[in-house]
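To start, the structure itself, in structure tokens.
The values are calculated or read from the model by the stated rules, or taken from the named source; none is laboratory data. Computed from a predicted model, the values in this text were never measured in an experiment. With ideal geometry, Cβ positions are generated from the backbone for all residues, glycine too; neighbour counts draw on all protein chains shown. The accessibility values were calculated without ligands, DNA or RNA, using every heavy atom of the protein model including side chains. Shrake-Rupley method; radii C 1.70, N 1.55, O 1.52, S 1.80 Å.
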Amino acid sequence: MLSELKEKVYEANMDLWRKGMVIYTWGNVSGIDSDKGLVVIKPSGVDYDTMRPEDMVVVDLNGNVVEGKLRPSSDTPTHIVLYKEYPQMGGIVHTHSVHAVAYAQAGKSIPALGTTHADYFYGAIPCTRGLTAEEVEEAYEVNTGNVIVETLEGKDPMAVPGIVVKNHGPFAWGKSPADAVYNSVVMEKVAEMAYITSQINPNVMPAPQYIMDKHYFRKHGPNAYYGQGGEH
């Protein structure tokens, strides 16, 4: 079942590992078949160096395992909340990458300080509020998804394809599992750049909106002219 999507999700998970975004069993990538209403996701607690495409777990949009011998990622309910809310998402990534986690732990959005950021994220990468004790106790992973949705209210999630969850870490998404991984890697890099910049100049301000607009819209939107087409 969904062998092609399983392969894509597996390769996306392995790409996350190869790019140094995860260690041990940390992190996960999922992908969705919107027509079937099924999600493929990394199994929980399985090392990347032993994982195989057939280990990917298929769940429905109620979180029920449809196929797979292993338990799905513990973050599966968070992914499902986002897929239900945003049908334009084709893949979702969660990591504990160092600099993005640092912003999450500080409870700070990742500021848009320059054109590298603007090429991929239209504005600051937001940080959610913290979950309440009741939300954690009631349904931690579901409410993690809910607080992401709450924070993205009024925003185009595909223009800001990532977020940091306070005290937790980053989630990113894209048109496909591979695209979500790409955005996750970029988010970590711009978080690192923002952190270093803030050490050099603690009073740094966001870059001017006109240059941020220029860089974002030359790569995205109807009049984009960067690259050869189909590129990031």
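So for each of 181-192, 40-51 I average, over its residues, the number of other beta carbons within 10 Å; can you give me the resulting order with the highest mean first?
Highest-to-lowest ranking by the protection proxy: 181-192, 40-51.
Leaving out ligands, DNA and RNA, and with a 1.4 Å probe, what % of the accessible surface on the chain is carbon or sulfur?
About 51 percent, which is the carbon plus sulfur part of the accessible surface.
By how many degrees, 0 to 90 and rounded to 10, does the Cα axis of helix 133-151 deviate from the longest principal axis of the chain?
50
For segment 71-131, just the Cα set please: Rg and Dmax, both in angstrom.
13.6, 41
Return one number: the angle in degrees, 0 to 90 and rounded to the nearest 10, between the long axis of the Cα atoms of helix 76-85 and the longest principal axis of the Cα atoms of the chain.
Tilt of helix 76-85: around 60 degrees.
Strictly greater than 15 Å: what percent of every Cα pair in segment 108-151 meets that?
52
To the nearest 10 degrees, how steeply does helix 3-18 sit against the main Cα axis of the chain, on a 0 to 90 scale?
Its long axis makes an angle of about 50 degrees.
Relative contact order (percent) for segment 118-176, with alpha-carbon contacts under 8 angstrom and 6 or more residues of separation?
43
Place +1 on the Cβ of every Lys and Arg and -1 on the Cβ of every Asp and Glu in the chain, take the dipole about the Cα centre, and give the residue among Met14, Asn143, Ile200 whose Cα lies farthest towards its positive end.
My answer, from the dipole projection, is Ile200.
Measuring from label point to label point, each 7 Å out along Cα→Cβ, what is the Asp35 to Met158 span in nm?
The answer from the label model is 1.9 nm.
log10 I(q)/I(0), Debye, Cα-only the chain, no solvent, q = 0.13, 0.14 Å⁻¹?
Reported log10 I(q)/I(0), two decimals: -0.75, -0.87.
At q = 0.10 Å⁻¹, what is the log10 ratio I(q)/I(0) for segment 110-211, with the Debye formula run over Cα points and no solvent?
Values, matching the q order: -0.30.
Over the chain, calculate the relative contact order: mean separation of alpha carbon pairs under 8 Å at least 6 apart, over the residue count, as a percent.
After rounding, I find 21 percent.
Could you state the accessible area per residue of segment 109-175 in Å², with a 1.4 Å probe and every protein chain left in place?
40
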